[in-house]
Amino acid sequence: MGEKYEIRLTERQLKLVNQALEMFFRMQTGQFRDYADLMAFKNFDYKRKGPEWDKEFDRRIQCRDEFQKALEESYRRVFRAKGYDETSPFSRNTEDMECAIDIWEAIRYKLWQDLPEPKSHWRVDSNPPFHWYKEEPLAEIRKVTDE
């Protein structure tokens, strides 16, 4: 297993790390929706309302959908043209992807546990981490208080 490290993060930093992990493994599997959504709504002011806001929101939805479609088409065109498909070794998860999924699930579950009651138990993040990559222990996420 090797050495262990401890990182202290704010809740916002932890959420950003979790989002980066999710992008890391989803992009490698051709799941581009979250990335397209992130890019289309970068610097979007969700608090503003009104007719101009509605138009801008609709424009960004169109951008997201077109961007996602372009990413998916490029992914299929490039890799299928080289003979890769859903059954090839290329399409399987790598060890790094499975390790990232484990960390992502551990963080996601801890953030759910720390939500105030009452909280929904029907959310996917209410499920304990599955532990995909057995070569490493599951990440331990603890909430700490300032000392």
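Every read-out reported here was derived from the displayed coordinates using simple, explicitly stated rules and does not represent laboratory data. If you're wondering where the values come from, they're calculated on a predicted model, not measured in any experiment. Positions of Cβ are backbone-derived with ideal geometry, glycine not excepted, and every protein chain shown enters the neighbour counts.
Please tell me which of these pairs span more than 30 angstrom C-alpha to C-alpha: Lys15/Lys119; Lys4/Lys82; Lys55/Lys110; Lys15/Lys69; Lys4/Lys110? Table pairs above 30 Å Cα-Cα are Lys4/Lys82; Lys55/Lys110. Taking a sphere under 14 Å around the Cβ of Phe57 and counting the other residues whose Cβ falls inside, with K and R at +1 and D and E at -1, yields a net charge of +1.
Scaling the Cα radius of gyration of the chain by the globular reference 2.2 N^0.38 Å produces a ratio of 1.28. Per residue, the chain reaches -17500 deg cm²/dmol at 222 nm when only DSSP H runs of four or more residues are counted, each adding -39500 (n - 2.57). The alpha-carbon positions of the stretch 30-90 define a convex hull whose volume is 74 Å³ per residue.
Each Lys or Arg adds one and each Asp or Glu subtracts one; over the other residues with Cβ under 10 Å from the Cβ of Asp114, this totals +2. Computed from backbone phi, the HN-Hα couplings of the stretch 21-32 come to 4, 5, 4, 4, 7, 5, 4, 6, 9, x, 9, 9 Hz, rounded to whole numbers (Karplus: 6.51 cos²θ - 1.76 cosθ + 1.60, θ = phi - 60°; Gly and Pro given as x). Distance distribution P(r), the stretch 1-67, all Cα-Cα pairs, bin width 10 angstrom from 0: 17, 33, 30, 13, 5, 1 percent.
What's the extension gain from Val144 to Phe24 if we count 0.36 nm per residue and subtract their Cα-Cα distance?
Roughly 40.5 nm would be gained on extension.
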